[in-house]
Each structure stands twice: as C-alpha cells, then as structure tokens.
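Take a look at the structure set out below.
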Amino acid sequence: MSNPLDQYRDSHHEFQHDITGDLNKDPFVVFKEWFSIAHDADELEANAFVLGTTSADQQSSTRILYLKEILDGQLIFYTNYSSQKGREIAANPKVSMLFFYPKSSRQIRVEGICTKTDKSVSDAYFNSRPRGSKIGAWASQQSEELSNMTELTDRVAELELKFPNEVPRPEHWGGYQIQPTRFEFWMGKKSRLHERIVFDRIDDGWKMYRKNP
Ligand SMILES: Cc1cc2nc3c(=O)[nH]c(=O)nc-3n(C[C@H](O)[C@H](O)[C@H](O)COP(=O)(O)O)c2cc1C
C-alpha cells in the first residue's frame, strides 16, 4: 500500500520572497505587522492559532482557536470556561500559542500567562455575536461526552423557547487573555538560513535576541 505521506518527502517550500527586514523593538508592533502581511498574503484564517495547555498531571494538549482582539498587551480569545482547555488553564495558566503562515513562510510562537478577561469584555463580545452562536454557547457543554446529536439539537430547541428575545451570556462562557512572556518570530528564507528573533519580557520592557535556526 502506498504511503500517503510519500508526496511530502523531501518537498521544500520554495518561498516566493525573501522576507528579512528591520524588526521593531516592540514585539506587539512586529506581531501586528506580520498579522497584516499574512492577511495581505491571503493566508487562510490568519487569526487562527494553536493553543497549547497542560493538564494537572502534565499531559499537554492542543486545539485551534481564533484570536479575536489585542487589548492592553493581552491576546484575547473566547471559549467555554468549563471545557478541557478551561480546566487545564485553571490548573496551569502557563500556555503557548502558535500562528502558522505557509504562504509567507512565517511562524509566530507566543508563551504567556492566561487569565479570564473582565466580565465586561466577555459581555461586549458575547452581545456582538449572532443569536445562533449565543444559543450555542448555552447548549454546548463543550468537551463533555455527548450521547448523540439529538441531545444537542433538543437542548437548542429548549433554549430557543427559554430565551425568545435577548440571550444573556452564560457564566461558563467568556474571554481569556494571554499576557505574553515571550514571542518568537520565525521567517523562512530561500537561503535556508532561516531567521528566528525572540523577545523575552524583562522588568522594563523586552530583551530581543536571535536564535540559531
Ligand atoms: C478554525 C477553528 C477555529 C476555532 N475557534 C474556536 C474558538 O475561538 N473558541 C472555541 O472555544 N473553540 C474553537 N474551535 C474549536 C476548538 O478547536 C476545540 O475543539 C474546542 O474549543 C474544544 O477544545 P477543548 O476540548 O480542548 O477545550 C475552533 C476550531 C477550528 C478548527
């Protein structure tokens, strides 16, 4: 039987452009620049990232989420607080994020401390969502076992009756904010001498240095 991964063996991205450039000393400025480069390059879902968490017994796990806002130096996403990731963040708030931009051959790694946002931030975002998403936030006991899809659609039908008008934000749903302690910007180069630039948070700002690729 042929190996479905054969086609990827020895395949290298042939990068379209060289992407060296002066990096500003504020990692948030670099982050926003790279984000808009990704957007301009028509990267699919430029705001999607992998969130890495670790359980109380040290098992790591990952999943994709959407970055929704950057507020006061905090990277914000929204989810169910009772989910697997919610439980793991409660046990260990040290998390990691990974953004991957294949068309522009870039990767951004972030490490930081994750806490719940203010309720006002969660309320503002929740209230901006369509009704179906609001009902879904009540209906889905995210990460819990579900016997069958009917159980979920029945719950949705009940909630549609329970909340005929406004849907309030459930306590178990809201924002998390990640305060970065480290950023790493990786740029793929045609020369294969890829660049890695790290920013470590120090008392009065950021320490920037390069790493071997
Ligand atoms: C493109 C994409 C975007 C997603 N965005 C979110 C999100 O913003 N919030 C969320 O709770 N789940 C999102 N999910 C679902 C998560 O990957 C995950 O399945 C869910 O949050 C449960 O994770 P957990 O069991 O580890 O807590 C997204 C999935 C994909 C593929």
Q) Per-residue HN-Hα couplings for region 70-81, Karplus 6.51 cos²θ - 1.76 cosθ + 1.60 at θ = phi - 60°, whole Hz, x for Gly and Pro? A) 10, 10, 6, x, 10, 8, 10, 9, 10, 6, 8, 5
Q) Averaged per residue, what accessible surface does the chain expose to a 1.4 Å probe, in Å²? A) 61
Q: Show which lysines lie in cross-link reach of Lys85 when reach means a straight Cα distance below 26 angstrom and same-chain residues fewer than eight apart are skipped.
A: Lys32, Lys68, Lys94, Lys116, Lys119, Lys134
Q: May I ask you to order 90-102, 63-75 by the average number of other C-beta atoms within 10 Å around their residues, highest value first?
A: 90-102, 63-75
Q: Between Asn127 and Thr181, with labels modelled 7 Å along Cα→Cβ, what's the label distance in nm to one decimal, could you check?
A: 3.5
Q. So what are the chain's ellipsoid semi-axes, whole angstrom, largest first, if each one is the square root of 5 times an eigenvalue of the alpha-carbon gyration tensor?
A. 35, 22, 17
Q: Rank these residues by their accessible area, most exposed first, probe 1.4 Å: Glu43, Glu111.
A: Glu111, Glu43
Q | Mean Cβ count within 10 Å, highest first, over the residues of peptides 172-180, 77-85, 48-56 | A | 172-180, 77-85, 48-56
Q | Summed residue charge, Cβ within 10 Å of Thr53's Cβ, Lys/Arg positive, Asp/Glu negative | A | +3
Q) Between Lys68 and Trp206, 0.36 nm times their residue separation minus their Cα-Cα distance comes to what? A) 47.3 nm
Q) From the residues Ala137, Ala157, Gly86, which one has its Cα farthest along the dipole of region 59-213 in the positive direction, the dipole being from +1 and -1 charges on Cβ of Lys/Arg and Asp/Glu about the Cα centre? A) Gly86
**Q.** Positive-end residue of Val29, Cys114, Tyr66, charge dipole of the chain with Cβ unit charges
**A.** Val29
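The values are calculated or read from the model by the stated rules, or taken from the named source; none is laboratory data. The structure displayed is predicted, hence computed values, not measured ones. Ideal geometry is used to build each Cβ from the backbone, glycine not excepted, and the neighbour counts take in all protein chains shown. In case anyone asks, the SASA skips ligands and DNA or RNA and just uses the protein heavy atoms, side chains included. Shrake-Rupley method; radii C 1.70, N 1.55, O 1.52, S 1.80 Å.
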